[in-house]
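One structure is given here, and the rest of the page talks about it.
Every number in this text was worked out from the coordinates using simple rules, so none of it is lab data. For clarity, every value in this text was computed on a predicted model and none was experimentally measured. Cβ placement follows ideal geometry from the backbone for every residue including glycine, while neighbour counts extend to all protein chains displayed.
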Amino acid sequence: MKIYKIEEILNKLDNCIEYKKPFSLLRFGDGGIKYIHSILYKDFKQLNIILKKEGMPRDKVVEMLEAWGYYARRADFIDTPEVYYTGEFWERIKKPGKPISYETDQKMRMWKELYERAEIDNENYCNPESNCLMILKRYGKRNLFDVMKNRKVCLITARPEVKQLIPDVDIIEIVGQWKNQYKNSFNEVVDIINHTARDYDFWMVAAGELGRIYLGMIKEKGGRTIDIGFIVEYWLDGVFHPRFKLWIKQCLTNRLELVLTDEGKKFERFI
């Protein structure tokens, strides 16, 4: 099973920008895995938490899942948790010295069954951490900032103040977690995408579980887009999830970038 490297992904994105071809990278991560699992295995307690946190409507649960499958099948890349179990990448932990819960681990190990049952049929796999791997500063390798240079970029995020750090990027503001994104932002974002998907060289999306719908629609409308998840929080707050501490740290010469620690460098050839 091939897991595409960051350089291959950025090269394809760059090529699609150059030749105005549609492109999307969708990441499900453990959040997406839990959503799929909660529907298929009728874990309503888990489902209710996700719906409330992500602002997704209960009456559209199956419709959303079908949309994920539809857009994932058409994506250029989707992520796979398999990387955590190959020995070629760092483990998925809660924080140094603390593993993820047994339940989460079991759900992630059954990713293939969950993807198949949700009709996510796409074998162009990338690393679930591709969002932070894309902003790594590595000698002789390009990163997301190289692709952004002199390009027209739009970002969908709940943190519009990020524009102070990356002023050249247009911002579409959404409400944050626990604030009913579907009711308060979804239709407006969809409308903007419908009218402007091709106006940008590419889009970056940081919009949680509903973000996968935006990503799919952008490509469907002829645009190019990647899922950057929590990277906006890192740019603004300078902190990232404690589970990364052993392997990546803030770059000293550009605080928006990351660098590998000595432990992280052991996996560099697989990134």
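Here the condition is being in contact (Cβ under 8 Å) with a residue 40 or more places away in the chain, surrounded by 14 or more Cβ atoms within 10 Å (Cβ to Cβ) and in contact with a strand residue (DSSP E or B) (Cβ under 6 Å, 6 or more places away or on another chain); of 13, 65, it holds for 13 alone.
Do we have residue 159 as touching a residue at least 12 places away in the same chain (Cβ under 8 Å), surrounded by 13 or more Cβ atoms within 10 Å (Cβ to Cβ), more than 25 Å from residue 32 (Cβ to Cβ) and not small (Gly, Ala, Ser) here? No, not satisfied. If the condition is being farther than 17 Å from residue 230 by Cβ, β-branched (Val, Ile, Thr) and either surrounded by 15 or more Cβ atoms within 10 Å (Cβ to Cβ) or touching a Ser or Thr at 6+ places or on another chain (Cβ under 8 Å) (or both), then region 27-60 contributes 36, 39.
Listed by position, the helices (runs of 4 or more DSSP H) contained in region 82-146 that have at least 1 residues being without any contact (Cβ under 8 Å) to a residue 60 or more places away in the chain are 102-109, 111-117. Any residue at all in region 223-237 that is in contact (Cβ under 8 Å) with a residue 24 or more places away in the chain and of a type in the set (S, T, N, Q)? Yes.
How about region 181-199: which of its residues are among the charged types (D, E, K, R) and touching a residue at least 24 places away in the same chain (Cβ under 8 Å)? Scanning region 181-199 gives 183, 198, 199.
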